[in-house]
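Below you'll find the structure, written out as C-alpha cells, and then a few comments.
The values are calculated or read from the model by the stated rules, or taken from the named source; none is laboratory data. Since this is a predicted model, take the numbers as computed values, not measurements. Here Cβ is always computed from backbone atoms with ideal geometry, including for glycine, and neighbour counts include all displayed protein chains. Side chains are part of the model used for accessible areas, which takes the heavy atoms of the whole protein and leaves out ligands, DNA and RNA. Shrake-Rupley method; radii C 1.70, N 1.55, O 1.52, S 1.80 Å.
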Amino acid sequence: MKQAQRIAAGSIAVGLVVLGLKAGAAVITGSAALYSDAAESVVNVAAGGVALLALRLAELPPDANHPYGHDKAEFFSAVIEGVLIVVAAFTILQHAWQVYTHPTPIEAPLAGMAVNAISTVFNLLWATVLLRRGAALRSPALVGDGRHLVADVVASVGVLGGLALVLATGLVWLDPLVAAGTACYILVTGGFLVRDSVGGLMDAAPSPAIVDRIKTLVGQSAEGAIEAHDLRTRHAGRLTFLEFHLVVPGVMTVADAHAICDRVEAALKAEMEGLMITIHVEPEGKAKHRGVIVL
C-alpha cells in the first residue's frame, strides 16, 4: 500500500477512536453542543474512507479511456467530503433546534468535557500529520482531510468554551446556541473545501508565484532558442501539466531544437515535482514577441 493510502487508512482508525470518545461524551451529558461535535466526527470517518478510495483510484496507471491518468480522483474525494460536511451541519442545526424547543439539563458536564478534550487533542495531532504529509506528497485528498480536521478542532474548542459558559452562567439555552454556531462554522468550511476542489476539477492554474517561477526557469535554460509563448498550466491532483511554444531559429536542426527542449525539461523537473511537459517547437517566423524572452 502506498504511503498516502496508509495515511488515509490511519485517518479512518483515528476517526473511529475520536468518534467513540465524542459520542460517549454526548451520551453522558445529553449536550446538543457535544452532539454537534460527535456528528462532525461521523463525517471524519466517512471522509477517511472516501479519501482512501480516491487515493487508490488515483494510483491507477493511464489506460485507453484515461490517457492522462486518474489523479483527479482526489479532487472528487475533497468535493464529496465538502458535501458531507454540509449535510452534517444541517443535521446539527436540526438537533440544536429540537434541544432549544425541548431543553433538558446537562448531565455530568465535566466528565463529558474531559472526554471531548482528549479526542480534540487526537484530532489536532493527526491533522498536523495529514497537512504535512499531504503537502509533501502533493495529495489534495490528504490536505483536504487535514483542513477538515483543523476545522473540527476549532469547532471542538468552541464547543468546550460554550459548555464552560453554560456551567458558569446556568443558562441552559446557550447549549443549543453553541451547537448552532458550530454548525454554521462547519458549513462555511465545507463550502470553502468544495470551492477549492471544484477549482481543481475545472483545471485551475497554479498560483502566480509558481507560474512566474516556471517562466524564469524556461528563460534561463532555453539558451539557443529565441522565445517561449502561449504558456499554459493546470493542476490534476499531484500532477501539473505545462505546455508552451518554443521559438527557435529557422535554420536550427531538429536535433539541436530537441536538445534545448531536453534541457528545459530537465531544469523544470529538477525544481518542480509532478510536471508533465509538452513543448511545441516553432521556427523564428512564428515569434509573437509577447512571451518569455530567452536570456
Quiz item: Here is a list of conditions, (1) surrounded by fewer than 17 Cβ atoms within 10 Å (Cβ to Cβ); (2) under 15 Å from Phe122 (Cα atoms); (3) in contact (Cβ under 8 Å) with a residue 12 or more places away in the chain, and Ser41 meets all of them except one; can you say which number that is?
Solution: (1)
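One line per residue, one yes/no per condition, for (1) in a strand (DSSP E or B); (2) of a type outside the set (A, V, I, L, M); (3) in contact with a strand residue (DSSP E or B) (Cβ under 7 Å, 6 or more places away or on another chain):
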residue: Gln220; (1), (2), (3): no, yes, no
residue: Thr240; (1), (2), (3): yes, yes, yes
residue: Met252; (1), (2), (3): no, no, no
residue: Ala255; (1), (2), (3): no, no, no
Quiz item: Scanning the range 1-38 for residues that are β-branched (Val, Ile, Thr) and under 13 Å from Pro109 (Cα atoms), which turns out surrounded by the most Cβ atoms within 10 Å (Cβ to Cβ)?
Solution: Thr29
Quiz item: Which condition breaks for Val79 when tested against (1) of a type in the set (A, V, I, L, M, F, W, C); (2) within 30 Å of Asp175 (Cβ to Cβ); (3) open to solvent by 20 Å² or more (accessible area, probe 1.4 Å)?
Solution: (2)
Quiz item: How many residues does the range 97-122 hold that are touching a residue at least 60 places away in the same chain (Cβ under 8 Å) and not in a helix (DSSP H, G or I)?
Solution: 6
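Per-residue answers, yes or no, for (1) under 22 Å from Gly181 (Cα atoms); (2) modelled with pLDDT of 85 or more:
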position: Met1; (1), (2): no, no
position: Gly10; (1), (2): no, yes
position: Val14; (1), (2): no, yes
position: Lys22; (1), (2): yes, yes
position: Ala33; (1), (2): yes, no
position: Ala38; (1), (2): yes, yes
position: Asn44; (1), (2): yes, no
position: Ala51; (1), (2): no, no
position: Pro62; (1), (2): no, no
Quiz item: Within the range 53-65, is even one residue within 19 Å of Ser77 (Cβ to Cβ), basic (Lys, Arg) and part of a helix (DSSP H, G or I)?
Solution: yes
Practice problem: Exactly one condition in (1) touching a residue at least 12 places away in the same chain (Cβ under 8 Å); (2) assigned to a helix (DSSP H, G or I) is not met by Ala168; state its number. | Solution: (1)
Quiz item: Residue check: is Thr128 hydroxyl-bearing (Ser, Thr, Tyr), free of Cβ contacts under 8 Å to residues at least 60 places away in the same chain and under 20 Å from Leu193 (Cα atoms)?
Solution: yes
Quiz item: Which one of the conditions (1) surrounded by fewer than 17 Cβ atoms within 10 Å (Cβ to Cβ); (2) in a loop (DSSP other than H, G, I, E, B) does His70 fail to meet, given that it meets all the rest?
Solution: (1)
